[in-house]
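Novice: I'd like to ask you about the structure that follows.
Read-outs throughout are calculated quantities, based only on the coordinates presented, and are distinct from any laboratory measurement. Quantities reported herein were computed from a predicted structural model and do not represent experimental measurements. Neighbour counts are summed over all protein chains in view; Cβ atoms, including those assigned to glycine, are modelled from backbone coordinates with ideal geometry.
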Amino acid sequence: MSFFDDAIVALLPMIPKVVTKRVAGRYVAGASLADAVSTVKLVTSQGTCATVDILGENAERREESEEAVSLYMRVLAAIRNENLDTNISVKPTHLGLRVDKEFCLGNIDGLVAKAKEIGNFVRIDMEDHTTTTDTLDIYRRLRESRGSVGVAIQSYLRRSEGDVRAVATQDANFRLCKGIYVEPLEIAYHKMSEINENFMTLLEIMFEAGSYVGIATHDDELIAASERLIEKSGLGSKDYEFQMLLGVKERTRREIVSRGHKMRVYVPFGEDWFPYSLRRLKENPKMARNTIRELLKWDRFP
Ligand SMILES: Cc1cc2nc3c(=O)[nH]c(=O)nc-3n(C[C@H](O)[C@H](O)[C@H](O)COP(=O)(O)OP(=O)(O)OC[C@H]3O[C@@H](n4cnc5c(N)ncnc54)[C@H](O)[C@@H]3O)c2cc1C
């Protein structure tokens, strides 16, 4: 990123939410469950499946997490009633990890039980490094007690190789991504070349263990390297899938589908769209510039 892009990213939190919402709208299905359902129908009509995420994180009160659980239950009911080709993704801190770990485990357990009952699946997102150990522990315990659950792994974390070696088996189900939180150098790779190299190392370990992997990236180089590894490992289309975020690189998404791979689109919705949209804008200085331009209505913005 250039100095100019850095400056824009630093300015983003100060921009009125109404402007950010207009520009970041492409990353979010909308505020309501109905918005999520219609977006899932749209993306699945384009040959992909989906995962629905209710926006929210860092709940400080039990009631906030309980509200999230009951909304997720409504999502699962909609999936069953409308026969939608989607599963759900959950964030541990949304479901009470900062309040109490066992409370969070109970909340996710209830969702996994319901998902299993209707033949569905719960993906546990990975948040910042303060949650990694607990998230993996929750994943391990739910996998043993119920199944129908998977976890995300971040290739920027130095610990991830050890974590993956400890949990990768034939029953394991991973989403492999680079990672989106700002983490200190002692625990995380910062150079893109190292993050990418670790991504491919982790993918190879997962495939060798016979685990199912959701390869979650928009990076052309990683997509190509993953396709080569899939071919070399002799995997079939039921052994893995690609995953991308709503609103990002739709042409690449279509191309991956046209090459015969399964593709899942991450569909976030909810009132709590602001932190998620900021993270997405920070990844994409061009969109961030649009946000500022919108604010200033200044056509000659560089
Ligand atoms: C399905 C899915 C689930 C995820 N779950 C998690 C999770 O649980 N925990 C976690 O920490 N992270 C998660 N992430 C985020 C991930 O870690 C990365 O931050 C993000 O995907 C960008 O990394 P990249 O692999 O696409 O590579 P990058 O090198 O960041 O991006 C590659 C190219 O994609 C394009 N691009 C990337 N992001 C955007 C954007 N927002 N807008 C427009 N273009 C963009 C750009 O052209 C860029 O050059 C998830 C990502 C996906 C796709």
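Novice: From the helices alone, meaning DSSP H stretches of at least four residues, give me the mean residue ellipticity at 222 nm for the chain, per-run term -39500 (n - 2.57), in deg cm²/dmol to the nearest 500.
Specialist: Here the helix-only value at 222 nm equals -15500 deg cm²/dmol.
Novice: What per residue convex hull volume, in Å³, comes out for segment 90-184 when only alpha-carbon positions are used?
Specialist: 90
Novice: Order these peptides, 87-95, 153-161, by their mean beta-carbon neighbour count within 10 angstrom, highest first.
Specialist: My ranking of the peptides, most packed first, is 87-95, 153-161.
Novice: Another question about this same structure. Please compute P(r) over all alpha-carbon pairs of segment 29-272, binned at 10 Å starting from zero, and give each bin as a whole-number percent.
Specialist: With 10 Å bins starting at 0, P(r) equals 7, 32, 39, 20, 1.
Novice: Sort 64-76, 183-195, 206-218 for me by packing, meaning the mean count of neighbouring Cβ atoms within 10 Å per residue, highest on top.
Specialist: Those peptides, ordered most packed to least, come out 206-218, 64-76, 183-195.
Novice: Another question, then. Size of the dipole of segment 138-285 about the Cα centre, Lys and Arg at +1 and Asp and Glu at -1 on the beta carbon, nothing else charged, in debye to 20?
Specialist: Computed about the Cα centre, the dipole is about 340 debye.
Novice: Given the pairs Lys91/Lys262; Lys249/Lys282; Lys191/Lys282; Lys41/Lys262, which span a C-alpha to C-alpha distance of over 20 angstrom in this model?
Specialist: Pairs exceeding the cut-off: Lys91/Lys262.
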